[in-house]
Every structure is written in C-alpha cells, then in structure tokens.
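The values are calculated or read from the model by the stated rules, or taken from the named source; none is laboratory data. Every value quoted in this text rests on a predicted model; they were computed, and no experiment measured them. Don't worry about glycine lacking a Cβ; one is built from the backbone with ideal geometry, like all the others, and counts go over all protein chains shown.
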C-alpha cells in the first residue's frame, strides 16, 4: 500500500505524461545478500505524449522539464526513490548498485550485457542522468527536505503538492469526474480545492 508521499509521487509523474510502475520488487534470489529490495517508482515517458485535457505542453511541470536533459525530445526513463521522513537514511542508502542494475534491466532501454547497457549503468552509478541517442535515464529522489549531490536529482514533496494543486485548479471543470481517480488522496484534494475556490468566489 502506498503511503501519502508515494501517492503524491505517483500522480506527479502520471500528470507529467509518464507511464508509472510502482513498488517494483527485485527478486530475493537474484541478490548475493539474499535480501529483497524494492524501488518506489519506475516510469517511462515518450516525447509526443498528449492528452486533450491536462496533457498539453504547458501542463508539464517546468522544474521537471528543466532537470531532465532533452525532456521534450527523448524517451525518458525515471528511477525514483520516495522518502516521507526527514531522517533515518543517507545519500549512500539511495540508488544502491543492485537496485540500479535491476531497474535498468526492467526499463529495457538497452539489452542487458550490451555495451550500451554497461555504459548507462557505469554512468548512472555516480551521476544523476544518462543520455544516449534518443533516450534519457534519470535518478530522482522525492523527499520532504532538500538533498544535494551529483548522484541524483531532487524534488521536494511540497513542490509536488503545489504542482498537483495548481493542476486541479486549472482544470476545475473536471470536478464531477473526481471519483474516477483511483486514489482517495487525489479525490480528497479535488474536493478540498473546489471547496476553497468556492469560498474565494
């Protein structure tokens, strides 16, 4: 079951044109340590994604567009860790090697064992993104407070919440469709924002 941070992260990527795979579990028997891992979100976005409502060029989050190289040109693959707490982990706990390798295999941009795959893997071990031909792969940490480092991009939960709020306001005419969202959190946010907007009027 998603926690609230994972829920917000899922809808953030969904509303930015991504197909999202959440809570991707890495097989225990594939790990030398006999330890199971999971990655919160793996997502893929194609350059010409379009939806009539909420899926046009000016609907995408500018901060996300600016942090991902060739956002509007390449197929984008995202490997994302989501943290709801401010403590209890360090940068060294994020995007560890076994998880990174398996996530790259799952994305399927490059054949496992090929030179392209090895290059992507080696580049992403110490860098936040990798671009090759028409593909970009990026590691993103979503967290309540800012984390700095070259190994991943960082988006604040508060920025995600603001983006989703503004998107709901922008398309407030879809209020009657709120129950079609398979998320209690998003249904509630739509209801709450509509209530606030009515008071302002």
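Which of the residues spanning the stretch 70-95 are closer than 22 Å to residue 14 by Cα and more than 15 Å from the chain's Cα centre (by Cα)? Listed by number, the residues that qualify are 70, 72, 73, 74. Are any residues in the stretch 11-51 assigned to a helix (DSSP H, G or I) and modelled with pLDDT under 95, and if so, which ones? Scanning the stretch 11-51 gives 11, 14, 28, 29, 30.
Can you name every residue in the stretch 96-108 that is within 13 Å of residue 122 (Cα to Cα) and within 16 Å of the chain's Cα centre (by Cα)? Spell out the reasoning first.
Taking the stretch 96-108 first, the residues within 13 Å of residue 122 (Cα to Cα) are 96-98, 100-101, 104.
Of everything in the stretch 96-108, those that are within 13 Å of residue 122 (Cα to Cα) and within 16 Å of the chain's Cα centre (by Cα) turn out to be 100, 104.
Looking at this structure, is residue 86 out of contact with any helix residue (DSSP H, G or I) (no Cβ under 7 Å at 6 or more places or on another chain), exposed (fewer than 14 other Cβ atoms within 10 Å of the Cβ) and in contact (Cβ under 8 Å) with a residue 40 or more places away in the chain? Can you show your working first?
Details: out of contact with any helix residue (DSSP H, G or I) (no Cβ under 7 Å at 6 or more places or on another chain): yes; exposed (fewer than 14 other Cβ atoms within 10 Å of the Cβ): yes; in contact (Cβ under 8 Å) with a residue 40 or more places away in the chain: yes.
Spelling it out, residue 86 is indeed out of contact with any helix residue (DSSP H, G or I) (no Cβ under 7 Å at 6 or more places or on another chain), exposed (fewer than 14 other Cβ atoms within 10 Å of the Cβ) and in contact (Cβ under 8 Å) with a residue 40 or more places away in the chain.
Restrict the check to the stretch 69-79 and report whether at least one residue is modelled with pLDDT of 95 or more, under 22 Å from residue 25 (Cβ atoms), out of contact with any helix residue (DSSP H, G or I) (no Cβ under 6 Å at 6 or more places or on another chain) and crowded, with 20+ Cβ neighbours inside 10 Å. Yes, the stretch 69-79 has at least one match.
For the stretch 124-158, residues that are under 15 Å from residue 67 (Cβ atoms), under 17 Å from the mean Cα position of the chain (by Cα) and in a strand (DSSP E or B) total 14. With respect to (1) modelled with pLDDT under 95; (2) out of contact with any strand residue (DSSP E or B) (no Cβ under 9 Å at 6 or more places or on another chain), the lone exception for residue 118 is condition (1).
Of the residues 111, 65, 101, 118, the single one that is loosely packed, with under 14 Cβ neighbours inside 10 Å, touching a helix residue (DSSP H, G or I) at 6+ places or on another chain (Cβ under 9 Å) and not in a strand (DSSP E or B) is 111.
Listed conditions (1) on the phi > 0 side of the Ramachandran plot; (2) surrounded by fewer than 18 Cβ atoms within 10 Å (Cβ to Cβ) are all met by residue 95, apart from (2).
Being surrounded by 12 or more Cβ atoms within 10 Å (Cβ to Cβ), modelled with pLDDT under 95 and under 19 Å from residue 10 (Cα atoms) holds for only one residue in 193, 186, 160, 155, and it is 186.
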